[in-house]
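Laboratory data are not the source of any read-out in this text; all were calculated from the coordinates shown. Owing to the predicted nature of the structure, the values given are computational and were not obtained by experimental measurement. Every residue, glycine among them, receives a Cβ derived from its backbone with ideal geometry; neighbour counts consider all protein chains shown.
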Amino acid sequence: MKKSYTHLEYEYAIKIRKPVFTVVLSDSLLHKKAYEDSSMQYFETTNISLYEEFKAIVLSKMVRFINDIKDIRIAVLSSLYDFSKNPSILGWVREISSITQTTIHKCYKCGKEELLPLKPDFNEDEGLDILIKINRWHKINVDRPGYGSGLDSMNVDFELCDECLATFVDSLVLKKLIYGDEYWDSIEEDFVDVEN
């Protein structure tokens, strides 16, 4: 019995210390796909022991289970984004590939993408325009949620475009606390008489 190419590639990546992320199709998704299309084989039937061995290795690491095929894209983009934030990981392309370093901004809400320089060059005519474009992207980083949270142990670190952040803030019940006093429609009950 031979290991699958996926199994061999995974072991090799671990051996040479390549960063690895794993997306695993949930059993419910596999059963659903098998039900919808009986002409395809969704479950290992030939090398079950090797499959179980590989599955145990993969599941011993951090994995993302998905319940819908469309979630593969989200899981991959999210994992790649996490890798991009790790300064110890050098990509496939040399880190300094040109004089002007750029970064791709991706909105996790609407999917908008924009390639921009890391910082504007004010010696060029469009320097101020680039600064404005950069300032329309917002990093959201929530401390890693702890035990008991629905997001327990997940890395809640993502980016939103200006429009999606504004929409999110506008959806908050206490948005006036964010916007400041000039937006607060104060009423008498808002003030407490400190002397009494």
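Of note:
- Förster radius 25 Å - calculated FRET efficiency between Ser49 and Ser28 (Cβ-Cβ, nearest 0.05): 0.60
- Listed by Cβ neighbour count within 10 Å, with the fewest neighbours leading, Val142, Val20 appear as Val142, Val20.
- The stretch between Ile14 and Asn86 holds 24.2 nm of extra length on full extension. This uses 0.36 nm per residue minus the Cα-Cα distance.
- Sequence-distant residues sharing a close amide H with Ile140 (under 5 Å, placed H): Phe158, Glu159, Leu160
- On the beta carbon distance between Ile134 and Phe168, with R0 = 22 Å, the FRET formula returns roughly 0.65.
- Once the chain from Tyr5 to Arg73 is taken as fully extended at 0.36 nm per residue, the excess over their C-alpha distance is 22.3 nm.
- Lys112 long-range amide H proximity, modeled H, under 5 Å: Cys107
- Each residue in Ile178, Ile74 was given a count of other beta-carbon atoms within 10 angstrom of its own, and listing them fewest first yields Ile178, Ile74.
- Using the Karplus relation 6.51 cos²θ - 1.76 cosθ + 1.60 with θ = phi - 60°, the per-residue 3J(HN,Hα) values for the stretch 134-149 come to 4, 6, 8, 10, 10, 7, 10, 9, 9, 3, 3, x, x, 4, x, 6 Hz, with x marking Gly and Pro.
- Candidates per GluC sites (Glu not before Pro) in the stretch 18-92, loop by DSSP, up to 14 other Cβ within 10 Å: Glu44
- Within the stretch 1-97, all pairs of alpha-carbon atoms sorted by distance into 10 Å bins from zero give the percentages 13, 37, 35, 13, 3.
- Relative exposure of Ser153, Ser78, judged by other C-beta atoms within 10 Å (fewest first): Ser153, Ser78
- Residues whose placed amide H lies under 5 Å from that of Thr103, excluding near-sequence neighbours: Leu116, Leu118
- Rounded to whole Hz, the Karplus (6.51, -1.76, 1.60) HN-Hα couplings of the stretch 58-69, x for glycine and proline: 4, 6, 6, 9, 6, 10, 10, 8, 10, 10, 8, 4
- Residue among Thr22, Met40, Asn86 farthest towards the positive dipole end of the stretch 1-97, charges placed on Cβ: Asn86
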